[in-house]
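First comes the structure, then the notes that go with it.
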Amino acid sequence: MNLNLEGKVALVTGAGAGIGARISAKFVEEGCTVYVTDINAEAANVTAAGIGPAAHAMRIDVTKPIDIQLRVQEIVARHGGIDILVNNAGILKTGSIVESSIEDWDEVCRANLSSVFYCSKAVLPIMLQRRYGKIVNIASMSAARAGGVFGNVLYGTTKAGVIAFTKGFARELAPYGINVNAVAPGLVETAMTTAKLTPDIREQVLAKLPMHRLADVQDIANAVVFLASDMAAYITGETLLVDGGYLTV
Ligand SMILES: NC(=O)c1ccc[n+]([C@@H]2O[C@H](COP(=O)([O-])OP(=O)(O)OC[C@H]3O[C@@H](n4cnc5c(N)ncnc54)[C@H](O)[C@@H]3O)[C@@H](O)[C@H]2O)c1
């Protein structure tokens with residue numbers, strides 16, 4: 001399937017590691033120029049260097065709206081626009097509501113939900129001007145129950161917010177040639193999850209998973225790149241669940 005992504009400019013947040021790093025590499029494989037952005041500048045540098053010359057590292061903290069706007073303006077000045085934004089950066093907090101502090105709530109909301117608004121808002125002027133844009137938000141299967149395998153309500157709630165935001169934003173932007181969709185991954189082994197995946201939890205998850213395997217970063221990247229392409233031109237406001245059937249049981 002030719003995704004026709006050659007020459008597109010993509011910005012991926014939280015791309016220094018894990019899912020975002022693989023999404024960035026996949027965009028380059030499809031012929032895009034990609035901005036590998038992360039709060040961790042060193043991780044962004046290493047990941048971009050590993051991908052090749054079409055990948056550019058940039059430090060962006062998605063909780064800082066001014067920072068984001070300035071960086072987006074820099075990219076637009078260099079390339080004339082941004083075609084694709086992937087709101088991937090996120091953090092996981094575990095623990096019950098009783099154990100969670102107000103600071104925990106604010107931190108997880110800013111990193112997982114406000115960030116989606118901030119980054120989308122920053123790319124909107126150029127996407128509206130060019131009447132073209134693809135925004136893909138990374139939600140989570142944990143949105144379905146407001147709490148995933150690790151049972152955190154705060155995290156799941158922010159991801160449910162991402163799905164709601166995706167729908168409303170898609171409706172508003174559809175007349176302007178901008179598609180907004182989300183991908184909701186199942187459990188992927190990355191820095192976010194690996195320490196929490198004790199042998200017991202892993203066994204329980206695998207026993208419940210119809211496919212008997214965790215998701216791979218490639219499974220998620222494939223879905224993101226599809227939604228960012230014109231192959232998905234008539235899809236907007238959708239959340240694509242990539243969970244190996246976990247929520248079917
Ligand atoms: N791993 C999973 O099982 C899983 C499941 C569902 C959804 N997700 C979601 O996928 C996305 C990527 O997760 P991952 O598993 O690759 O995690 P990860 O921890 O491996 O990578 C996340 C990256 O985001 C960066 N980051 C954190 N805060 C940031 C900020 N304020 N600004 C910019 N960058 C920041 C980190 O430095 C890191 O490089 C997240 O939104 C996560 O919630 C992950």
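The values are calculated or read from the model by the stated rules, or taken from the named source; none is laboratory data. Bear in mind the structure is a predicted one, so any value in this text is a computation, not a measurement. Please note: Cβ atoms are built from the backbone with ideal geometry, for glycine as well, and neighbour counts cover all protein chains shown. The protein model used for the area step is the full one, side chains on, heavy atoms only, and it has no ligands, DNA or RNA in it. Shrake-Rupley method; radii C 1.70, N 1.55, O 1.52, S 1.80 Å.
The conditions of being under 16 Å from the mean Cα position of the chain (by Cα), modelled with pLDDT of 95 or more and either near the ligand (Cβ under 8 Å from one of its atoms) or in a loop (DSSP other than H, G, I, E, B) (or both) are not met by Gly7. Across segment 33-78, the number of residues qualifying as charged (D, E, K, R) and touching a residue at least 60 places away in the same chain (Cβ under 8 Å) comes to 0. Thr236 meets the conditions (1) within 15 Å of the ligand (Cβ to nearest atom); (2) among the hydroxyl-bearing types (Ser, Thr, Tyr); (3) open to solvent by 30 Å² or more (accessible area, probe 1.4 Å) in every case but one. The failed one is (1). Hey, can you tell me all the residues within segment 11-50 that are in a loop (DSSP other than H, G, I, E, B), within 14 Å of Leu85 (Cα to Cα), within 12 Å of the ligand (Cβ to nearest atom) and not β-branched (Val, Ile, Thr)? Listed by number, the residues that qualify are Gly14, Ala15.
If the condition is being farther than 14 Å from Glu29 by Cβ and more than 10 Å from the ligand (Cβ to nearest atom), then segment 51-70 contributes His56, Ala57, Met58, Pro65, Ile66, Gln69, Leu70.
All of (1) part of a helix (DSSP H, G or I); (2) open to solvent by 20 Å² or more (accessible area, probe 1.4 Å) hold for Ala221 with one exception: (2). For Asn2, the conditions (1) assigned to a helix (DSSP H, G or I); (2) open to solvent by 20 Å² or more (accessible area, probe 1.4 Å) are fulfilled apart from (1).
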